[in-house]
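Trainee: So that we are looking at the same thing, I have put the structure below in structure tokens.
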Amino acid sequence: MKRLFSGMQPTGALHLGNYIGALKNWVALQDKYECIFCIVDMHAITIPYDPKLMRERIFNAAVDYLAAGIDPLKSRIFIQSHVPQHTELAWLFNTVTPLGQLMRMTQFKQKTAQFSDGGEDVKADADGSADERAGFLALAGKVNAGLLTYPVLQAADIMLYKAEAVPVGEDQVQHIELTRDVVRRFNNAYGEIFPNCEALLSNAPRLKGLDGVAKMSKSIGNHIPLSIEPAELERKVTREAVSDPRRVRRDDPGVPEECNVFDWHRIFSPDEDQIWAAQGCRSAGIGCFQCKKKCAENIEKLLAPMREKRERFTKNPDDVWDILNMGAAECLRIAQATMEETRRAMGLI
Ligand code: TRP
């Protein structure tokens with residue numbers, strides 16, 4: 001089996017959009033690849049954060065992933081900072097990475113704008129192009145160097161394990177391309193040590209949030225957390241989810257293809273419920289409330305086993321730390337072998 005690596009930031013409670021967009025795919029990939037899933041705390045600290053909350057965020061991320069079906073008997077799951085070779089390899093990779101390429105990364109430019117306290121004074125000096133603004137902000141000392149070399153650490157994450165498959169979202173494709181560039185330059189300079197890797201994009205539909213407009217997202221607040229309680233789930237779906245606006249009254253027919261709740265049915269409901277919802281909507285045989293209630297029930301069928309697992313892990317935190325420590329120990333062994341080979345190739349040992 002080919003090796004697969006993916007990293008996830010410990011951002012706190014995951015939601016249905018995260019599950020449909022990424023996690024569900026990862027769970028399925030466990031049977032096709034030798035998987036390594038990493039909680040990337042070293043990446044998470046490149047933006048302002050509260051140290052008092054970080055350990056809990058890391059722990060909760062692990063619980064969420066385990067509850068969703070990442071299976072420690074099939075895959076390795078560990079915390080990035082527990083394997084210090086990640087940062088060592090990142091340093092070596094820094095030396096074959098052009099500064100300009102890092103400054104052109106889309107995510108760097110976005111985060112620079114977001115986390116550099118505006119930098120209004122500096123922005124005024126730039127001509128308005130995102131490239132130039134990022135450059136000015138960086139030169140003005142408003143951006144930490146970790147944010148800039150973030151993708152190099154990501155390349156090191158993947159290559160420490162010589163992983164060839166990297167399941168990521170669209171927004172990370174540029175970083176995978178950078179990883180391939182780093183590998184090409186490194187191998188040219190020091191010999192064929194690292195393999196080529198590829199982004200695995202899932203063809204999962206983009207889940208929209210309760211508003212029926214934007215992609216489900218915690219920052220917008222239109223999300224349904226995976227840890228939601230059944231009553232709250234039903235309340236949110238039946239009361240907050242926006243459905244087809246044509247159905248003002250109970251006997252107004254609707255167009256299921258243009259209703260976000262029906263999109264959810266297509267993702268979460270069995271065929272017979274989808275047919276029931278579509279026909280009932282078109283003929284006004286059912287009301288939106290009924291349709292949403294059924295949808296909530298089917299989402300609950302997905303979430304119930306996760307909730308049970310989450311509770312079990314939360315009650316036994318030592319089990320979670322055991323899994324993470326075991327993952328780290330196995331990854332450490334692989335990492336040590338790669339670093340030995342790499343140091344040798346570079347003439348360091
Ligand atoms: N940058 C990724 C994100 O924000 C997280 C990440 C870190 C990652 N290292 C990785 C993803 C290695 C894939 C492989 O989503």
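The values are calculated or read from the model by the stated rules, or taken from the named source; none is laboratory data. On a predicted model such as this, the values are computed, not experimentally measured, just so you know. Glycine also receives a Cβ, built like all others from the backbone with ideal geometry; neighbour counts cover every protein chain displayed. SASA here: full protein model, heavy atoms, side chains in, ligands and nucleic acids out. Shrake-Rupley method; radii C 1.70, N 1.55, O 1.52, S 1.80 Å.
Trainee: Only residues that are in contact (Cβ under 8 Å) with a residue 24 or more places away in the chain, in contact with a helix residue (DSSP H, G or I) (Cβ under 9 Å, 6 or more places away or on another chain) and more than 18 Å from R310 (Cα to Cα): list them for the stretch 223-240, please.
Mentor: Correct list: H223, E234, K236, V237, T238.
Trainee: Six or more apart or on different chains, Cβ under 8 Å: which pairs go from a residue in the stretch 63-89 that's open to solvent by less than 40 Å² (accessible area, probe 1.4 Å) and part of a strand (DSSP E or B) to one that's of a type in the set (D, E) and within 14 Å of the ligand (Cβ to nearest atom)? Could you list them?
Mentor: I79/D41
Trainee: Using beta carbons and a limit of 6 Å, which pairs, at least six apart or on different chains, have the first residue in the stretch 1-21 and open to solvent by 20 Å² or more (accessible area, probe 1.4 Å) and the second one assigned to a loop (DSSP other than H, G, I, E, B) and among the small types (G, A, S)?
Mentor: If the second residue must be assigned to a loop (DSSP other than H, G, I, E, B) and among the small types (G, A, S), the pairs left are R3/A163; A13/S227; G21/A204.
Trainee: Pick from the stretch 138-184 the residues that are touching a Leu at 6+ places or on another chain (Cβ under 6 Å) and more than 12 Å from the ligand (Cβ to nearest atom): which of them is modelled with the lowest pLDDT?
Mentor: V143
Trainee: Of the residues S202, S219, only one is surrounded by fewer than 16 Cβ atoms within 10 Å (Cβ to Cβ), under 27 Å from V152 (Cβ atoms) and under 18 Å from the mean Cα position of the chain (by Cα); which? Full working, then the answer.
Mentor: Numbers: S202 fails: surrounded by fewer than 16 Cβ atoms within 10 Å (Cβ to Cβ).
The unique qualifying residue is S219.
Trainee: Among the numbered criteria (1) farther than 19 Å from S227 by Cα; (2) free of Cβ contacts under 8 Å to residues at least 12 places away in the same chain, which one does D31 miss?
Mentor: The number of the failed condition is (2).
Trainee: Let me ask something else about it. Condition first: touching a residue at least 60 places away in the same chain (Cβ under 8 Å), under 13 Å from the mean Cα position of the chain (by Cα) and open to solvent by 70 Å² or more (accessible area, probe 1.4 Å). Now tell me which residues in the stretch 165-199 satisfy that.
Mentor: D171
Trainee: For the stretch 177-203, what are the residues that are over 15 Å from R3 (Cβ atoms), in contact with a strand residue (DSSP E or B) (Cβ under 9 Å, 6 or more places away or on another chain) and part of a helix (DSSP H, G or I)?
Mentor: The answer is E177, R180.
Trainee: Still on this structure, please answer the following. For F289, state whether it is under 23 Å from the mean Cα position of the chain (by Cα) and of a type in the set (F, W, Y).
Mentor: It is false that F289 is under 23 Å from the mean Cα position of the chain (by Cα) and of a type in the set (F, W, Y).
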